[in-house]
Amino acid sequence: MSADLEEQEDEQLALLSILGPEEFVRKEPKRAGEIRVCAELPAGFTVSLKEGDTLRQYEMSFLPPLHLTFELPEDYPSSSPPSFTLSCSWLTHTQLSALSAQLTDLYWATGGSVVLFTWVHFLKEEALRFLDVHALLELPSDERGAQYHEQDSLNAALSHPKNAQHTLESGLTDDQSCSASDPHDLSAPSLEAERPAPIRLTASQALLSQLLIHDAAQKQRAFATTVFDCGVCALWASSVSSVCGCPTVATSSAGLVLAQLCKLQITEGNVQGVTCPETDCPASPTPAQVRSLVGEELFSRYDRLLLQNTLDCMPDVTYCPRRSCGSAVILEKFSNAAMCSVCSFAFCVACKKTYHGAEDCQRREIVRRQAEHGGVDLPQSQEGMKALWDDYSSGSMQRKRLLESRYGRQALQVTMEAILSEDWIMLNIKYCPHCFCRIQKNGGCNMMTCSQCWRQFCWACLAILTSMSAGKHFEEGTCTR
(Lines give C-alpha, C1' and ligand atoms only; values in the text may rest on other atoms or scores of the structure.)
Protein backbone atom coordinates (compact mmCIF):
# COMPACT_ATOMS: atom_id res chain seq x y z
CA MET A 1 0.00 0.00 0.00
CA SER A 2 2.81 2.44 0.83
CA ALA A 3 4.37 1.77 -2.57
CA ASP A 4 1.08 2.77 -4.27
CA LEU A 5 0.93 6.00 -2.29
CA GLU A 6 4.52 6.86 -3.21
CA GLU A 7 3.81 6.25 -6.90
CA GLN A 8 0.68 8.43 -6.69
CA GLU A 9 2.66 11.26 -5.11
CA ASP A 10 5.47 11.01 -7.66
CA GLU A 11 2.99 10.90 -10.55
CA GLN A 12 1.12 14.01 -9.44
CA LEU A 13 4.34 15.95 -8.83
CA ALA A 14 5.55 14.98 -12.31
CA LEU A 15 2.23 16.07 -13.87
CA LEU A 16 2.38 19.43 -12.09
CA SER A 17 5.94 19.94 -13.30
CA ILE A 18 5.14 18.99 -16.93
CA LEU A 19 1.70 20.55 -17.39
CA GLY A 20 1.88 23.52 -15.05
CA PRO A 21 -0.80 24.92 -12.73
CA GLU A 22 -3.03 26.08 -15.61
CA GLU A 23 -3.48 22.57 -17.00
CA PHE A 24 -3.23 20.50 -13.82
CA VAL A 25 -4.94 21.42 -10.54
CA ARG A 26 -4.23 19.17 -7.56
CA LYS A 27 -6.96 18.84 -4.96
CA GLU A 28 -5.35 18.25 -1.58
CA PRO A 29 -5.48 16.59 0.91
CA LYS A 30 -7.48 14.17 -1.26
CA ARG A 31 -5.67 12.10 -3.83
CA ALA A 32 -7.55 13.87 -6.59
CA GLY A 33 -7.15 16.55 -9.22
CA GLU A 34 -8.35 18.03 -12.49
CA ILE A 35 -6.50 17.98 -15.81
CA ARG A 36 -7.41 20.26 -18.73
CA VAL A 37 -6.32 18.74 -22.02
CA CYS A 38 -6.46 20.67 -25.32
CA ALA A 39 -6.70 18.38 -28.31
CA GLU A 40 -4.16 19.14 -31.04
CA LEU A 41 -5.89 20.19 -34.27
CA PRO A 42 -4.47 19.63 -37.75
CA ALA A 43 -3.94 22.55 -40.13
CA GLY A 44 -7.14 23.68 -41.78
CA PHE A 45 -9.38 22.12 -39.11
CA THR A 46 -13.00 23.19 -39.67
CA VAL A 47 -16.06 23.26 -37.43
CA SER A 48 -19.43 23.17 -39.18
CA LEU A 49 -23.05 23.54 -38.12
CA LYS A 50 -25.97 22.77 -40.43
CA GLU A 51 -29.42 24.02 -39.52
CA GLY A 52 -31.98 23.38 -42.22
CA ASP A 53 -30.58 24.69 -45.49
CA THR A 54 -28.00 26.91 -43.75
CA LEU A 55 -24.44 25.59 -43.44
CA ARG A 56 -21.91 27.50 -41.36
CA GLN A 57 -18.23 26.56 -41.50
CA TYR A 58 -15.35 28.14 -39.58
CA GLU A 59 -11.65 27.28 -39.60
CA MET A 60 -10.29 26.99 -36.07
CA SER A 61 -6.93 26.43 -34.45
CA PHE A 62 -8.09 25.85 -30.86
CA LEU A 63 -11.00 24.06 -29.22
CA PRO A 64 -12.03 24.25 -25.55
CA PRO A 65 -10.20 21.70 -23.39
CA LEU A 66 -11.42 18.33 -22.28
CA HIS A 67 -11.77 18.23 -18.47
CA LEU A 68 -10.52 15.07 -16.80
CA THR A 69 -11.37 15.06 -13.07
CA PHE A 70 -9.93 12.07 -11.23
CA GLU A 71 -9.67 10.54 -7.75
CA LEU A 72 -7.09 7.91 -6.94
CA PRO A 73 -8.09 4.91 -4.80
CA GLU A 74 -5.64 3.63 -2.17
CA ASP A 75 -4.72 0.58 -4.24
CA TYR A 76 -3.94 2.60 -7.43
CA PRO A 77 -1.97 1.84 -9.53
CA SER A 78 -1.32 -1.74 -8.48
CA SER A 79 -4.91 -3.03 -8.43
CA SER A 80 -7.55 -0.42 -9.28
CA PRO A 81 -7.86 2.27 -11.98
CA PRO A 82 -8.62 5.88 -11.08
CA SER A 83 -12.23 6.90 -10.81
CA PHE A 84 -12.68 9.79 -13.19
CA THR A 85 -15.08 12.18 -14.85
CA LEU A 86 -14.60 13.23 -18.49
CA SER A 87 -16.40 16.32 -19.74
CA CYS A 88 -16.32 18.37 -22.93
CA SER A 89 -18.74 20.89 -24.45
CA TRP A 90 -18.18 19.93 -28.10
CA LEU A 91 -18.32 16.12 -27.85
CA THR A 92 -21.48 14.05 -27.71
CA HIS A 93 -22.31 11.50 -25.04
CA THR A 94 -21.50 8.68 -27.44
CA GLN A 95 -18.07 10.12 -28.17
CA LEU A 96 -17.33 10.68 -24.47
CA SER A 97 -18.39 7.12 -23.72
CA ALA A 98 -15.98 5.80 -26.33
CA LEU A 99 -13.12 7.89 -24.95
CA SER A 100 -13.85 6.79 -21.37
CA ALA A 101 -13.87 3.15 -22.33
CA GLN A 102 -10.55 3.62 -24.11
CA LEU A 103 -9.03 5.29 -21.03
CA THR A 104 -10.06 2.31 -18.94
CA ASP A 105 -8.55 -0.08 -21.47
CA LEU A 106 -5.31 1.91 -21.41
CA TYR A 107 -5.04 1.38 -17.66
CA TRP A 108 -5.50 -2.37 -17.89
CA ALA A 109 -2.98 -2.48 -20.73
CA THR A 110 -0.29 -0.96 -18.46
CA GLY A 111 -0.40 -3.95 -16.10
CA GLY A 112 -0.65 -1.95 -12.88
CA SER A 113 1.47 1.08 -13.75
CA VAL A 114 0.65 4.78 -13.38
CA VAL A 115 -1.54 5.89 -16.27
CA LEU A 116 -2.50 9.57 -15.90
CA PHE A 117 0.19 10.90 -18.22
CA THR A 118 -0.69 8.21 -20.76
CA TRP A 119 -4.28 9.41 -20.61
CA VAL A 120 -3.20 13.02 -21.15
CA HIS A 121 -1.08 12.03 -24.16
CA PHE A 122 -3.94 10.03 -25.64
CA LEU A 123 -6.54 12.81 -25.21
CA LYS A 124 -4.18 15.43 -26.58
CA GLU A 125 -2.75 13.69 -29.63
CA GLU A 126 -4.93 10.70 -30.44
CA ALA A 127 -8.48 11.43 -29.23
CA LEU A 128 -9.74 13.05 -32.46
CA ARG A 129 -8.22 10.34 -34.62
CA PHE A 130 -9.72 7.69 -32.32
CA LEU A 131 -13.17 9.29 -32.81
CA ASP A 132 -12.62 9.41 -36.59
CA VAL A 133 -12.57 13.23 -36.54
CA HIS A 134 -9.84 14.35 -38.92
CA ALA A 135 -10.28 17.78 -40.53
CA LEU A 136 -13.98 18.44 -39.89
CA LEU A 137 -16.01 18.54 -36.69
CA GLU A 138 -19.75 18.53 -37.35
CA LEU A 139 -21.75 19.98 -34.49
CA PRO A 140 -25.15 18.34 -34.00
CA SER A 141 -28.06 20.60 -34.89
CA ASP A 142 -30.70 21.31 -32.29
CA GLU A 143 -33.71 19.45 -33.68
CA ARG A 144 -35.95 20.22 -30.74
CA GLY A 145 -35.44 23.96 -30.96
CA ALA A 146 -34.52 24.26 -27.28
CA GLN A 147 -33.12 27.72 -26.61
CA TYR A 148 -31.00 29.28 -23.92
CA HIS A 149 -28.95 32.38 -23.23
CA GLU A 150 -25.76 32.91 -25.19
CA GLN A 151 -23.55 32.73 -22.10
CA ASP A 152 -24.98 29.45 -20.79
CA SER A 153 -23.06 26.25 -21.50
CA LEU A 154 -24.22 22.72 -22.25
CA ASN A 155 -24.62 20.56 -19.13
CA ALA A 156 -25.08 16.81 -18.68
CA ALA A 157 -23.76 14.30 -16.15
CA LEU A 158 -24.18 10.77 -17.47
CA SER A 159 -23.44 7.50 -15.74
CA HIS A 160 -21.33 4.96 -17.62
CA PRO A 161 -23.17 1.61 -17.82
CA LYS A 162 -20.11 -0.64 -17.44
CA ASN A 163 -17.97 1.07 -14.82
CA ALA A 164 -19.53 2.71 -11.78
CA GLN A 165 -16.24 4.39 -10.92
CA HIS A 166 -16.33 7.08 -13.58
CA THR A 167 -18.84 9.52 -15.00
CA LEU A 168 -19.28 11.35 -18.29
CA GLU A 169 -20.21 14.99 -18.43
CA SER A 170 -20.84 17.01 -21.57
CA GLY A 171 -20.24 20.71 -21.05
CA LEU A 172 -19.95 21.15 -17.28
CA THR A 173 -20.40 24.61 -15.84
CA ASP A 174 -18.41 25.79 -12.84
CA ASP A 175 -21.27 25.59 -10.38
CA GLN A 176 -23.75 22.98 -11.53
CA SER A 177 -24.54 19.99 -13.69
CA CYS A 178 -27.69 18.14 -14.60
CA SER A 179 -28.44 14.55 -15.50
CA ALA A 180 -29.80 13.76 -18.92
CA SER A 181 -29.74 11.06 -21.54
CA ASP A 182 -28.82 13.51 -24.30
CA PRO A 183 -25.87 15.93 -23.88
CA HIS A 184 -27.69 18.54 -25.96
CA ASP A 185 -31.07 18.27 -24.17
CA LEU A 186 -31.46 21.67 -22.54
CA SER A 187 -35.14 21.45 -21.76
CA ALA A 188 -34.55 21.18 -18.01
CA PRO A 189 -36.79 23.73 -16.23
CA SER A 190 -33.98 24.87 -13.94
CA LEU A 191 -32.13 26.39 -16.90
CA GLU A 192 -35.19 28.13 -18.30
CA ALA A 193 -36.30 29.54 -14.95
CA GLU A 194 -32.87 30.64 -13.80
CA ARG A 195 -32.84 33.93 -15.67
CA PRO A 196 -34.61 35.27 -18.77
CA ALA A 197 -32.49 35.88 -21.83
CA PRO A 198 -33.11 38.91 -24.06
CA ILE A 199 -31.02 37.34 -26.83
CA ARG A 200 -31.82 33.68 -27.28
CA LEU A 201 -29.90 31.21 -29.37
CA THR A 202 -30.43 27.57 -30.04
CA ALA A 203 -28.17 25.21 -28.12
CA SER A 204 -26.11 24.50 -31.23
CA GLN A 205 -25.72 28.20 -32.07
CA ALA A 206 -24.60 28.98 -28.52
CA LEU A 207 -22.08 26.13 -28.64
CA LEU A 208 -20.69 27.41 -31.95
CA SER A 209 -20.44 30.91 -30.48
CA GLN A 210 -18.57 29.50 -27.48
CA LEU A 211 -16.08 27.74 -29.75
CA LEU A 212 -15.46 30.86 -31.86
CA ILE A 213 -14.88 33.06 -28.80
CA HIS A 214 -12.46 30.52 -27.31
CA ASP A 215 -10.57 30.19 -30.61
CA ALA A 216 -10.16 33.97 -30.97
CA ALA A 217 -8.99 34.34 -27.37
CA GLN A 218 -6.42 31.57 -27.71
CA LYS A 219 -5.09 32.98 -30.98
CA GLN A 220 -4.58 36.38 -29.34
CA ARG A 221 -2.92 34.72 -26.36
CA ALA A 222 -0.59 32.74 -28.61
CA PHE A 223 0.32 35.89 -30.51
CA ALA A 224 1.03 37.83 -27.33
CA THR A 225 3.40 35.17 -26.02
CA THR A 226 5.31 34.61 -29.27
CA VAL A 227 8.75 36.14 -29.92
CA PHE A 228 9.13 37.97 -33.24
CA ASP A 229 11.82 39.84 -35.12
CA CYS A 230 10.47 43.41 -35.04
CA GLY A 231 10.41 44.94 -38.52
CA VAL A 232 10.87 48.51 -37.22
CA CYS A 233 13.86 48.37 -34.88
CA ALA A 234 15.23 44.91 -35.84
CA LEU A 235 15.23 43.70 -32.23
CA TRP A 236 13.89 40.44 -30.86
CA ALA A 237 11.07 40.91 -28.41
CA SER A 238 7.79 39.48 -27.27
CA SER A 239 5.02 41.01 -29.35
CA VAL A 240 2.96 42.40 -26.51
CA SER A 241 1.38 45.08 -28.71
CA SER A 242 0.66 45.47 -32.38
CA VAL A 243 -1.02 47.88 -34.75
CA CYS A 244 -2.80 45.32 -36.88
CA GLY A 245 -1.74 41.83 -35.86
CA CYS A 246 1.69 42.05 -37.49
CA PRO A 247 4.71 41.43 -35.24
CA THR A 248 5.77 45.03 -35.75
CA VAL A 249 5.43 47.20 -32.65
CA ALA A 250 7.03 44.61 -30.44
CA THR A 251 9.47 46.80 -28.50
CA SER A 252 9.35 50.16 -26.81
CA SER A 253 11.83 51.60 -29.31
CA ALA A 254 9.69 50.38 -32.19
CA GLY A 255 6.69 52.08 -30.61
CA LEU A 256 8.60 55.37 -30.52
CA VAL A 257 9.58 54.98 -34.17
CA LEU A 258 5.98 54.30 -35.20
CA ALA A 259 4.77 57.28 -33.17
CA GLN A 260 7.26 59.60 -34.90
CA LEU A 261 6.26 58.17 -38.29
CA CYS A 262 2.58 58.81 -37.64
CA LYS A 263 3.26 62.35 -36.38
CA LEU A 264 5.30 63.19 -39.48
CA GLN A 265 2.67 61.85 -41.89
CA ILE A 266 -0.17 63.71 -40.15
CA THR A 267 1.81 66.94 -39.97
CA GLU A 268 2.45 66.77 -43.73
CA GLY A 269 -1.22 66.02 -44.37
CA ASN A 270 -0.62 62.48 -45.65
CA VAL A 271 -3.12 60.60 -43.51
CA GLN A 272 -3.10 57.77 -46.06
CA GLY A 273 0.51 57.15 -45.04
CA VAL A 274 -0.47 56.30 -41.46
CA THR A 275 -0.22 52.55 -41.96
CA CYS A 276 1.57 49.52 -40.58
CA PRO A 277 5.34 49.86 -41.17
CA GLU A 278 5.58 46.24 -42.36
CA THR A 279 6.39 46.18 -46.09
CA ASP A 280 3.68 43.74 -47.12
CA CYS A 281 0.96 44.82 -44.67
CA PRO A 282 -1.68 47.26 -45.97
CA ALA A 283 -3.53 47.60 -42.66
CA SER A 284 -3.97 50.89 -40.81
CA PRO A 285 -4.15 51.52 -37.06
CA THR A 286 -7.49 52.17 -35.45
CA PRO A 287 -8.40 55.73 -34.40
CA ALA A 288 -7.84 54.77 -30.76
CA GLN A 289 -4.33 53.55 -31.58
CA VAL A 290 -3.54 56.73 -33.52
CA ARG A 291 -4.76 58.83 -30.59
CA SER A 292 -2.47 56.98 -28.18
CA LEU A 293 0.50 57.39 -30.55
CA VAL A 294 0.23 61.09 -31.52
CA GLY A 295 -1.80 62.81 -28.79
CA GLU A 296 -5.03 64.80 -28.89
CA GLU A 297 -3.87 67.80 -30.94
CA LEU A 298 -2.50 65.85 -33.90
CA PHE A 299 -5.33 63.35 -33.65
CA SER A 300 -7.85 66.15 -34.23
CA ARG A 301 -5.99 67.06 -37.43
CA TYR A 302 -5.79 63.40 -38.42
CA ASP A 303 -9.52 62.92 -37.88
CA ARG A 304 -10.38 66.02 -39.92
CA LEU A 305 -8.07 65.16 -42.82
CA LEU A 306 -9.21 61.53 -42.85
CA LEU A 307 -12.82 62.67 -43.17
CA GLN A 308 -11.85 65.12 -45.90
CA ASN A 309 -10.00 62.45 -47.89
CA THR A 310 -12.89 60.05 -47.51
CA LEU A 311 -15.36 62.63 -48.81
CA ASP A 312 -13.06 63.50 -51.73
CA CYS A 313 -13.13 59.88 -52.87
CA MET A 314 -16.93 59.64 -52.79
CA PRO A 315 -18.48 60.27 -56.22
CA ASP A 316 -21.82 61.40 -54.75
CA VAL A 317 -20.34 64.19 -52.62
CA THR A 318 -19.54 67.75 -53.70
CA TYR A 319 -18.88 70.97 -51.81
CA CYS A 320 -20.84 74.14 -51.32
CA PRO A 321 -19.41 76.74 -53.77
CA ARG A 322 -19.77 79.58 -51.26
CA ARG A 323 -16.31 80.55 -50.03
CA SER A 324 -17.66 81.31 -46.58
CA CYS A 325 -19.10 77.81 -46.28
CA GLY A 326 -17.49 74.99 -48.32
CA SER A 327 -19.44 72.25 -46.51
CA ALA A 328 -19.88 68.78 -47.97
CA VAL A 329 -23.13 68.22 -49.86
CA ILE A 330 -24.56 64.84 -50.82
CA LEU A 331 -25.76 64.73 -54.42
CA GLU A 332 -29.06 63.30 -55.54
CA LYS A 333 -29.15 60.82 -58.38
CA PHE A 334 -30.26 62.09 -61.79
CA SER A 335 -30.38 65.71 -60.64
CA ASN A 336 -28.08 68.71 -61.15
CA ALA A 337 -29.64 70.52 -58.21
CA ALA A 338 -28.02 70.49 -54.77
CA MET A 339 -28.64 72.35 -51.54
CA CYS A 340 -26.14 72.94 -48.77
CA SER A 341 -27.50 71.75 -45.43
CA VAL A 342 -25.37 74.32 -43.56
CA CYS A 343 -26.03 77.60 -45.37
CA SER A 344 -29.12 76.49 -47.41
CA PHE A 345 -27.57 77.67 -50.69
CA ALA A 346 -29.17 75.98 -53.72
CA PHE A 347 -26.74 75.60 -56.61
CA CYS A 348 -26.18 73.81 -59.89
CA VAL A 349 -23.79 70.88 -59.62
CA ALA A 350 -22.46 71.40 -63.17
CA CYS A 351 -21.59 75.11 -63.11
CA LYS A 352 -21.52 75.72 -59.31
CA LYS A 353 -23.73 78.79 -59.78
CA THR A 354 -27.09 79.58 -58.23
CA TYR A 355 -29.53 76.93 -59.34
CA HIS A 356 -31.15 77.92 -62.63
CA GLY A 357 -33.63 75.12 -63.17
CA ALA A 358 -33.56 73.20 -66.43
CA GLU A 359 -31.88 76.01 -68.33
CA ASP A 360 -28.66 75.04 -70.14
CA CYS A 361 -25.51 75.87 -68.20
CA GLN A 362 -22.82 74.87 -70.70
CA ARG A 363 -19.84 77.18 -70.86
CA ARG A 364 -20.31 78.26 -74.49
CA GLU A 365 -23.92 79.17 -73.83
CA ILE A 366 -22.87 81.34 -70.91
CA VAL A 367 -20.25 83.04 -73.09
CA ARG A 368 -22.83 83.68 -75.79
CA ARG A 369 -25.32 85.27 -73.42
CA GLN A 370 -22.69 87.44 -71.74
CA ALA A 371 -21.27 88.56 -75.08
CA GLU A 372 -24.69 89.75 -76.28
CA HIS A 373 -24.15 92.98 -74.35
CA GLY A 374 -21.37 93.90 -76.81
CA GLY A 375 -23.41 93.05 -79.90
CA VAL A 376 -20.82 90.64 -81.32
CA ASP A 377 -20.21 87.08 -80.24
CA LEU A 378 -16.83 86.19 -78.86
CA PRO A 379 -14.75 83.77 -80.92
CA GLN A 380 -15.80 80.15 -80.38
CA SER A 381 -12.40 78.52 -80.93
CA GLN A 382 -9.58 78.34 -78.42
CA GLU A 383 -7.15 79.96 -80.81
CA GLY A 384 -9.56 82.82 -81.59
CA MET A 385 -10.20 83.47 -77.90
CA LYS A 386 -6.48 83.55 -77.11
CA ALA A 387 -5.71 85.81 -80.07
CA LEU A 388 -8.45 88.24 -79.04
CA TRP A 389 -7.18 88.29 -75.45
CA ASP A 390 -3.59 88.94 -76.58
CA ASP A 391 -4.82 91.77 -78.82
CA TYR A 392 -6.82 93.32 -75.99
CA SER A 393 -4.26 92.94 -73.22
CA SER A 394 -1.32 94.27 -75.24
CA GLY A 395 -3.18 96.90 -77.26
CA SER A 396 -3.20 100.62 -76.78
CA MET A 397 -5.97 102.46 -74.95
CA GLN A 398 -7.58 103.35 -78.27
CA ARG A 399 -7.47 99.69 -79.38
CA LYS A 400 -8.97 98.53 -76.08
CA ARG A 401 -11.85 101.03 -76.39
CA LEU A 402 -12.52 99.77 -79.92
CA LEU A 403 -12.63 96.14 -78.82
CA GLU A 404 -14.78 97.00 -75.80
CA SER A 405 -17.28 98.80 -78.00
CA ARG A 406 -17.42 95.74 -80.27
CA TYR A 407 -17.52 92.89 -77.69
CA GLY A 408 -18.39 94.64 -74.45
CA ARG A 409 -16.12 95.49 -71.52
CA GLN A 410 -17.58 92.78 -69.24
CA ALA A 411 -17.14 90.12 -71.90
CA LEU A 412 -13.47 91.09 -72.40
CA GLN A 413 -12.41 91.74 -68.82
CA VAL A 414 -14.42 89.10 -66.94
CA THR A 415 -15.67 86.41 -69.28
CA MET A 416 -12.55 86.14 -71.45
CA GLU A 417 -10.22 85.79 -68.48
CA ALA A 418 -12.44 83.20 -66.82
CA ILE A 419 -12.78 81.17 -70.01
CA LEU A 420 -9.07 81.23 -70.74
CA SER A 421 -8.36 80.17 -67.15
CA GLU A 422 -10.73 77.25 -67.52
CA ASP A 423 -9.16 76.29 -70.83
CA TRP A 424 -5.70 76.44 -69.28
CA ILE A 425 -6.86 74.19 -66.45
CA MET A 426 -8.35 71.73 -68.93
CA LEU A 427 -5.08 71.59 -70.86
CA ASN A 428 -2.64 71.50 -67.96
CA ILE A 429 -4.52 69.75 -65.15
CA LYS A 430 -5.28 66.04 -64.85
CA TYR A 431 -7.05 64.01 -62.19
CA CYS A 432 -5.35 61.36 -60.09
CA PRO A 433 -6.71 57.97 -61.25
CA HIS A 434 -7.01 56.81 -57.62
CA CYS A 435 -8.37 59.71 -55.53
CA PHE A 436 -9.38 62.06 -58.44
CA CYS A 437 -7.48 64.98 -56.95
CA ARG A 438 -6.51 67.67 -59.53
CA ILE A 439 -2.77 67.66 -60.32
CA GLN A 440 -0.60 70.07 -62.30
CA LYS A 441 2.58 68.77 -63.93
CA ASN A 442 5.24 71.47 -63.81
CA GLY A 443 8.17 69.47 -65.14
CA GLY A 444 10.00 66.19 -64.92
CA CYS A 445 9.13 62.79 -66.35
CA ASN A 446 5.76 61.17 -66.91
CA MET A 447 5.93 59.08 -63.72
CA MET A 448 3.87 61.12 -61.26
CA THR A 449 3.15 60.77 -57.54
CA CYS A 450 -0.10 62.18 -56.18
CA SER A 451 0.52 64.39 -53.15
CA GLN A 452 -2.91 63.48 -51.78
CA CYS A 453 -2.96 59.66 -51.82
CA TRP A 454 0.72 59.04 -52.72
CA ARG A 455 -0.17 56.68 -55.55
CA GLN A 456 2.16 56.58 -58.55
CA PHE A 457 0.68 56.84 -62.05
CA CYS A 458 1.60 57.59 -65.66
CA TRP A 459 0.89 61.19 -66.71
CA ALA A 460 0.37 60.20 -70.34
CA CYS A 461 -2.21 57.41 -69.96
CA LEU A 462 -3.18 57.80 -66.26
CA ALA A 463 -2.43 54.14 -65.51
CA ILE A 464 -1.80 53.40 -61.84
CA LEU A 465 1.77 52.16 -61.34
CA THR A 466 3.68 50.36 -58.62
CA SER A 467 7.40 50.49 -57.92
CA MET A 468 7.70 47.04 -59.49
CA SER A 469 5.67 47.71 -62.65
CA ALA A 470 6.78 51.27 -63.42
CA GLY A 471 9.88 50.32 -65.42
CA LYS A 472 8.04 47.67 -67.40
CA HIS A 473 5.24 50.12 -68.22
CA PHE A 474 7.55 52.64 -69.85
CA GLU A 475 9.86 50.09 -71.47
CA GLU A 476 7.26 47.83 -73.05
CA GLY A 477 4.29 50.19 -73.44
CA THR A 478 3.60 53.14 -75.73
CA CYS A 479 4.21 55.75 -73.01
CA THR A 480 7.63 57.37 -72.67
CA ARG A 481 9.21 58.26 -69.38
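The values are calculated or read from the model by the stated rules, or taken from the named source; none is laboratory data. Remember, it's a predicted structure, so these values are computed and weren't measured experimentally. FYI the Cβ positions are ideal-geometry reconstructions off the backbone, even for glycines, and counts take in every protein chain you see. These area figures cover heavy atoms from the full protein model, side chains too; ligands, DNA and RNA do not enter into them. Shrake-Rupley method; radii C 1.70, N 1.55, O 1.52, S 1.80 Å.
Being within 29 Å of residue 113 (Cβ to Cβ), part of a loop (DSSP other than H, G, I, E, B) and open to solvent by less than 10 Å² (accessible area, probe 1.4 Å) is the filter here, so list the residues in the stretch 48-75 that pass it.
72
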Query raised in the report: Among the residues of the stretch 77-92, which ones are farther than 23 Å from residue 212 by Cβ and either aromatic (Phe, Trp, Tyr) or touching a strand residue (DSSP E or B) at 6+ places or on another chain (Cβ under 7 Å) (or both)?
Result: 82, 83, 84, 85, 86
Query raised in the report: How many of the residues in the stretch 106-141 are without any contact (Cβ under 8 Å) to a residue 24 or more places away in the chain, in a helix (DSSP H, G or I) and of a type outside the set (A, V, I, L, M, F, W, C)?
Result: 3
Query - Count of residues meeting criterion [modelled with pLDDT of 85 or more, open to solvent by less than 40 Å² (accessible area, probe 1.4 Å), under 25 Å from residue 434 (Cα atoms) and in a loop (DSSP other than H, G, I, E, B)] in the stretch 313-348 - result: 2
Query raised in the report: When you scan the stretch 62-103, how many residues do you find that are among the β-branched types (Val, Ile, Thr) and over 27 Å from residue 42 (Cβ atoms)?
Result: 2
Requested in this report: Return yes or no: is residue 367 surrounded by 13 or more Cβ atoms within 10 Å (Cβ to Cβ), at pLDDT below 75 and touching a Lys or Arg at 6+ places or on another chain (Cβ under 9 Å)?
Outcome: no
Query - Options 15, 96; residue that is open to solvent by less than 30 Å² (accessible area, probe 1.4 Å), part of a helix (DSSP H, G or I) and closer than 24 Å to residue 210 by Cβ - result: 96
Query raised in the report: Scanning for something in contact with a His (Cβ under 6 Å, 6 or more places away or on another chain), under 23 Å from residue 273 (Cβ atoms), surrounded by 12 or more Cβ atoms within 10 Å (Cβ to Cβ) and modelled with pLDDT under 80, does the stretch 445-458 turn up at least one residue?
Result: yes
Query raised in the report: Restricting the search to the stretch 302-359, which residues are touching a helix residue (DSSP H, G or I) at 6+ places or on another chain (Cβ under 7 Å) and more than 27 Å from residue 291 (Cα to Cα)?
Result: 317
Report task. Look at the stretch 76-93 and say how many of its residues are under 22 Å from residue 18 (Cβ atoms) and either part of a loop (DSSP other than H, G, I, E, B) or aromatic (Phe, Trp, Tyr) (or both). Result -> 6
Requested in this report: Go through the residues of the stretch 39-47 one by one and say whether even a single one is free of Cβ contacts under 8 Å to residues at least 60 places away in the same chain and open to solvent by 80 Å² or more (accessible area, probe 1.4 Å).
Outcome: yes
Requested in this report: Tell me which residues, restricted to the stretch 300-330, are without any contact (Cβ under 8 Å) to a residue 24 or more places away in the chain and within 27 Å of the chain's Cα centre (by Cα).
Outcome: 300, 303, 304, 307, 308, 310, 311, 314, 315, 316, 317
Report summary line: Scanning the stretch 18-32 residue by residue, those in a strand (DSSP E or B), more than 18 Å from residue 122 (Cα to Cα) and in contact with a helix residue (DSSP H, G or I) (Cβ under 7 Å, 6 or more places away or on another chain) turn out to be 26
